[in-house]
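To start, the structure itself, in structure tokens.
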Amino acid sequence: MPERPRQHFVDQLAELEERTMGGIDLVVMQLDRVLEALTHQDVELAALVVADDDRLDGRYLEVHQGILSLLALQAPVAGDLRIVAALLHVIKHMERMGDQCVNICKLIPLLGHEPPVQPAIMERIMSMGRSARDETVLSRRAFEERDVGLAEDLVRQDREINRLNREIFQLAIECGTDADVREWGMTMVMVARALERIGDNAVDIGEQTAFVVTGLFREFSDSSHPAG
């Protein structure tokens, strides 16, 4: 008799994980729109990203409530409990990534229709955006496949994002005395910061992959124990 409730639990947990992975797919779609809106100064597309954040928030609430309901009806142990705990963290990071996409898109209308774009800065912004997208896709794959090596490789990719973030800041403070150019440069610093945070959240998802596989939580990199 206990086999049927157990199978029902396994099926529900698998469905919640699938919904979570689908939420990360939504983040990737948002990032694609963010990069296009930045490239073309597309205010309407930026507004669509802001409006669509409700879908990510809804996904977060759906999975969160599903996990709480599952815990109320079952008492998962061992590997199942690790998955439940990890999913709670993953959906939090997913929702934060969506918020960073919104933060960027709220800045786009402030730039004006013909902003004084500085190619060196914009080139690095686009590179950061592509790297953040790649990290997000990789974090999803690592969690889905329970691949710790793939998850750990996120740190290497994140170093590139951090490097570009520092370069953008330096270029922004050196972009001259024209007020409009400096304002644009400072806005790009905020955009870069948001992209950097998306990368950090992808690394955090990777850390949850390692936790599910090993049962031990460890930060891949932090300020007191740098990676590498």
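Just so it is clear, none of the values below were taken in a lab; they were calculated from the coordinates. Just so it is clear, the structure is predicted and the values come from calculations on it, not from any experiment. No Cβ is skipped: glycine too gets one built from the backbone with ideal geometry, and neighbour counts run over all protein chains shown.
Using Cα centres only, tell me the gap between the stretch 174-212 and the stretch 98-119 in whole Å.
If you average the Cα positions of each part, the centres end up 13 Å apart.
List the trypsin sites (Lys or Arg not before Pro) in the stretch 136-228 that DSSP assigns to loop (not H, G, I, E or B) and whose Cβ has at most 14 other Cβ atoms within 10 Å. Which are they? Show your work: numbers first, answer last.
Details: sites: R140, R141, R146, R156, R159, R163, R166, R182, R193, R197, R218; in loops: R146, R218.
Within the stretch 136-228, the qualifying trypsin sites (Lys or Arg not before Pro) (loop, at most 14 other Cβ atoms within 10 Å) are R146, R218.
How long is the gain from N162 to M29 if the chain were fully straight, where each residue apart is worth 0.36 nm and the alpha carbon distance is subtracted? Could you put the intermediate results ahead of the total?
Values: separation 133, 0.36 × 133 = 47.88 nm, distance 2.24 nm.
Length difference between fully extended and current span is 45.6 nm.
Nearest 500 deg cm²/dmol is fine: what mean residue ellipticity at 222 nm does the chain get from its DSSP H runs of n ≥ 4 alone, each adding -39,500 (n - 2.57), divided by its residue count? Write out the running numbers ahead of the final one.
Values: 6 runs with 188 residues, N = 228.
When only DSSP H runs of four or more count, the value is -30000 deg cm²/dmol.
How much length would be gained if the chain were fully extended between L73 and A51, taking 0.36 nm per residue of separation minus their Cα-Cα distance, in nm to one decimal? Write out the running numbers ahead of the final one.
Numbers: separation 22, 0.36 × 22 = 7.92 nm, distance 3.48 nm.
That works out to 4.4 nm of additional length.
Of V137, V90, how do they rank once you tally other Cβ atoms within 10 Å and put the fewest first? List each step's numbers first, then the result.
On the way: V137 16, V90 26.
Placing the least packed residue first, the sequence is V137, V90.
Test of understanding: extend the Cα→C-beta vector of V137 to 7 Å, then name every residue of the stretch 11-49 with backbone N under 12 Å from that spot.
What the label zone holds, given the 12 Å backbone N cut-off, is 28-29, 32.
Under a Cβ-Cβ cut-off of 9 Å, what is the net charge of the residues other than Y60 that fall near it, where Lys and Arg count +1 and Asp and Glu count -1?
Numbers: positive: R59, K92; negative: D57, E62, E95.
Charge balance near Y60 sits at -1.
Need one number: nm distance between label points at Q65 and M21, each 7 Å from Cα along Cα→Cβ, rounded to one decimal.
Those two pseudo-labels are separated by 2.4 nm.
Going by the alpha-carbon gyration tensor, a ≥ b ≥ c the square roots of its eigenvalues, is the stretch 1-105 rounded (a/c under 1.5) or, if a/c is not under 1.5, prolate (a/b greater than b/c) versus oblate? Walk me through the numbers before you get to the answer.
On the way: a/c = 3.45, a/b = 3.34, b/c = 1.03.
It comes out prolate by the Cα gyration axes.
What's the longest piece of the chain with no exposed GluC sites (Glu not before Pro), counting a site as exposed if DSSP puts it in a loop and it has at most 14 other beta carbons within 10 Å? Mind dumping the intermediate values first?
Details: sites that count: E174, E219.
Free of exposed loop sites, the longest segment is 1-173.
Taking the chain as a Gaussian network, where each spring joins two C-alpha atoms under 10 Å apart, which residue of T209, T187, T20 fluctuates the most?
Comparing T209, T187, T20 in a Gaussian network model of the chain, the most mobile one is T187.
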